[in-house]
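These notes concern the structure reproduced below.
The values are calculated or read from the model by the stated rules, or taken from the named source; none is laboratory data. Predicted model only: the values in this text are computed from it and were never measured. Every residue, glycine among them, receives a Cβ derived from its backbone with ideal geometry; neighbour counts consider all protein chains shown.
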Protein chains: 2
Amino acid sequence: MRGVMMYAPGDVRVEDRPDPTIQLPTDAIIRLSASCVCGSDLWPYRGHDHVHAPTPMGHEYVGVVEEVGADVATVKPGDFVIGSFFASDNTCQICQAGYQSRCIHAELMGGTQAQFARIPLADGTLVATPGMPDADLIPSFLAASDVLGTGWFAAVAAAAGPGKTVAVVGDGAVGLLGVLAARQLGAERIIAMSRHESRQQLARQFGATDIVTERGDEGVEAVRELTGGYGAHSVIEAVGTQEAMMQAIRATRPGGHVGYVGVGHDISLPGEELFFSGVHLHGGPAPVRRFLPELIDLIWQQRIDPGKVFDLQLPLEGAADAYRAMDQRNAIKVLLTP
Amino acid sequence: MRGVMMYAPGDVRVEDRPDPTIQLPTDAIIRLSASCVCGSDLWPYRGHDHVHAPTPMGHEYVGVVEEVGADVATVKPGDFVIGSFFASDNTCQICQAGYQSRCIHAELMGGTQAQFARIPLADGTLVATPGMPDADLIPSFLAASDVLGTGWFAAVAAAAGPGKTVAVVGDGAVGLLGVLAARQLGAERIIAMSRHESRQQLARQFGATDIVTERGDEGVEAVRELTGGYGAHSVIEAVGTQEAMMQAIRATRPGGHVGYVGVGHDISLPGEELFFSGVHLHGGPAPVRRFLPELIDLIWQQRIDPGKVFDLQLPLEGAADAYRAMDQRNAIKVLLTP
């Protein structure tokens, strides 16, 4: 099969790789219907994370089950399925509490920018759609695999809901889908923090009521002005930098909630400021699996259209261009067709 | 009147000071029935916080209303009242959400280690008991003013409740009352982390089911062993040091809750570890006012006895001895009688 490999920062290649096979009786093999490039793939691409060896890329996936191991009971060949970037057993105490990304048997996915993929713990990890989806729904299901699930978790962690003002730091796919999630969860007012025209427009389509273009402490001040001086009830952090985290904490009113899902890079939170902020802080790698049944239902019923974050579609063979477009922020998110 | 002043680290004196008077129509003057020394008073006493000028000490108080300003409507002379270390209007959006310690008009209390005290925003700050309490209830009401309210908030922030295993880092008065609060909130199992025999005994009286004597990563390992490898659902941090915070975060299972109330000193939380911990983190200066009606009711009905944390009682004139006893950990908490 063909698959994407990263050799070094900036060096992404599509190569012949061995077809994946069932390794354990809990595995499934899927034929990818679509895959994509994640904002987190840009950390190694930009040299912020090390690339120690040529690495199969990709952790977002939707596709059709080709084959299952002997112990797999909940999905079968021919099913259209969605999973998340952590495989999970969905039965341990951590999974049952809704934190499947920290399952005691969690396995980080990789190599799904390819034609086929092996999915460990298939019963716990994969959720099938009610039937074979129309092609135009595939981008939305693919979004559910990570960026929608992550934005949704951030909105839940930020306690977005009726009567709440939600601010969103970060206008990448996760931040934009955090806007969509806050809307679905009933937030009264949603402030998208973005200085990019096209992203502002998508934020408004997804439900943003206000746009703040300032960043850092100026952005905090703007949110305070919009909220009677109190700060937002809920703030979603979807960047993963020190500045973004402090912007999120400072834009939140005392007793409010920060939901943070940007993978933290060189972040250090000052204890005393955090203490006196009085905020709730919750985040981490999103337990996307918790939300998949609900998200699949919303997409199947065409009540949400998160696939709009894919503003560029390329064949798998064009992966190098896909990375480049996202690196240069020429695309919000690139869908790859195998 | 007589009142306690701190001149410098280790230098505490009882002096003649002017009687407080009504300054604003929202003030009340109370005659202290009892006051006490707080663990947080030890930070300046030990030189960790600066003492820039001679400072009136004390922020915990119960007493009888002597006089009220023209606008005060909810308490009247003769009432026995309890307030918290932050005066609050109890009407702003932050107060109404239960975060009175961060009221937009919050005033940090001081100078209640004295015979009389001025209480700003009396209507919002003070809560009267149903009648004049017997003398033996006064220590418990005094505990409600800070250490009980703070331990209670920590337990609520840590989401202590039925079916939960709660670990408590810190065996000072707040940690011990965190144990009591977790018990009242219905926790199934309560692990007190303490290496002091007398404090372990009090923890058990308050409801601890297990004692862990190890600290730091060894303490974390011990909590994990007691919880099937998962970590505690809920951890209360009641110390305020880097080691205690990391111990609390690491002892919590993914998706669990850390309630932290130790006033942070030189704490810096590593973003990446916090991210992958997947915990909920909430704390800060406890909004004791939120809990006062409930706590007063529990004490009035003699269903809890938080006053047991006072293991030494001295006259106000013995304040220097009181500070010394707490500094040397010869007393958990010292009650001062005016």
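With the checklist (1) surrounded by fewer than 24 Cβ atoms within 10 Å (Cβ to Cβ); (2) within 14 Å of another protein chain (Cβ to nearest Cβ); (3) among the hydroxyl-bearing types (S, T, Y) in hand, flag the one item B:S88 doesn't pass.
(1)
Residues in the stretch A:13-51 that are surrounded by 15 or more Cβ atoms within 10 Å (Cβ to Cβ) and within 24 Å of A:D171 (Cβ to Cβ): how many?
Of the residues in that region, 13 qualify.
Specify which of the listed residues (A:V12, A:V62) is in contact with a helix residue (DSSP H, G or I) (Cβ under 7 Å, 6 or more places away or on another chain), closer than 24 Å to A:Q328 by Cα and of a type outside the set (S, T, Y).
Details: A:V62 fails: closer than 24 Å to A:Q328 by Cα.
Unique residue meeting the criteria: A:V12.
State which residue is farthest from the other protein chains (Cβ to nearest Cβ) when the search covers only the stretch A:99-135 and only residues that are among the hydrophobic types (A, V, I, L, M, F, W, C) and in a strand (DSSP E or B).
Residue satisfying both the conditions and the ranking: A:F116.
Conditions first: (1) in contact with a helix residue (DSSP H, G or I) (Cβ under 8 Å, 6 or more places away or on another chain); (2) within 14 Å of another protein chain (Cβ to nearest Cβ). B:Q96 passes all but one, so which condition is the exception?
Among (1) in contact with a helix residue (DSSP H, G or I) (Cβ under 8 Å, 6 or more places away or on another chain); (2) within 14 Å of another protein chain (Cβ to nearest Cβ), the lone unmet condition for B:Q96 is (1).
May I ask you to list pairs of residues, at least six apart or on different chains, whose Cβ atoms are under 9 Å apart, with the first in the stretch B:276-292 being in a strand (DSSP E or B) and the second being modelled with pLDDT of 95 or more and among the acidic types (D, E)?
B:G283/B:E237
Of the residues B:P77, B:P56, which single one is touching a strand residue (DSSP E or B) at 6+ places or on another chain (Cβ under 8 Å) and closer than 20 Å to B:M326 by Cβ? Full working, then the answer.
On the way: B:P77 fails: closer than 20 Å to B:M326 by Cβ.
Within the list B:P77, B:P56, the selection yields B:P56.
For A:L295, work out the one condition from (1) buried (at least 21 other Cβ atoms within 10 Å of the Cβ); (2) at the interface with chain B (Cβ under 9 Å from one of its Cβ atoms); (3) touching a Pro at 6+ places or on another chain (Cβ under 9 Å) it doesn't fulfil.
The single condition A:L295 does not satisfy is (2).
Could you please give the count of residues in the stretch A:31-52 that are free of Cβ contacts under 8 Å to residues at least 24 places away in the same chain and of a type in the set (F, W, Y)?
Residues that pass the stated criteria total 0.
Return the residue satisfying two criteria in turn: it lies in the stretch B:263-275 and is at the interface with chain A (Cβ under 7 Å from one of its Cβ atoms) and assigned to a loop (DSSP other than H, G, I, E, B), and of such residues it is farthest from the chain's Cα centre (by Cα).
Per the criteria, the residue is B:I267.
Restricting attention to the stretch A:190-245, and to residues there that are within 14 Å of chain B (Cβ to nearest Cβ) and among the charged types (D, E, K, R), which single residue is farthest from A:V261 (Cα to Cα)?
Ranking the qualifying residues of the stretch A:190-245, first place goes to A:R224.
Considering each of A:S277, A:S268 in turn, give the residue that is over 22 Å from A:I190 (Cα atoms) and either in contact with a Lys or Arg (Cβ under 6 Å, 6 or more places away or on another chain) or modelled with pLDDT of 95 or more (or both).
Working: A:S277 fails: over 22 Å from A:I190 (Cα atoms).
Every option except A:S268 fails the conditions.
Would you point out which residue out of A:V14, A:V65, A:V51 is farther than 25 Å from A:G124 by Cα and modelled with pLDDT of 95 or more?
A:V14
For the stretch A:79-86, check the following and say yes or no: at least one residue is part of a loop (DSSP other than H, G, I, E, B), touching a His at 6+ places or on another chain (Cβ under 9 Å) and in the same structural domain as A:M132 (by the TED database). Break it down stepwise before answering.
Of all residues in the stretch A:79-86, those part of a loop (DSSP other than H, G, I, E, B) come to A:79, A:83-85.
Now narrow it down to the ones that are touching a His at 6+ places or on another chain (Cβ under 9 Å): A:84-85.
Adding the requirement that they be in the same structural domain as A:M132 (by the TED database) leaves A:84-85.
Taking every residue of the stretch A:79-86 in turn, at least one turns out to be part of a loop (DSSP other than H, G, I, E, B), touching a His at 6+ places or on another chain (Cβ under 9 Å) and in the same structural domain as A:M132 (by the TED database).
Being over 29 Å from A:G228 (Cβ atoms) and among the acidic types (D, E) is the filter here, so list the residues in the stretch B:49-95 that pass it.
Answer for the stretch B:49-95, where residues must be over 29 Å from A:G228 (Cβ atoms) and among the acidic types (D, E): B:D49, B:E60, B:E66, B:E67, B:D79.
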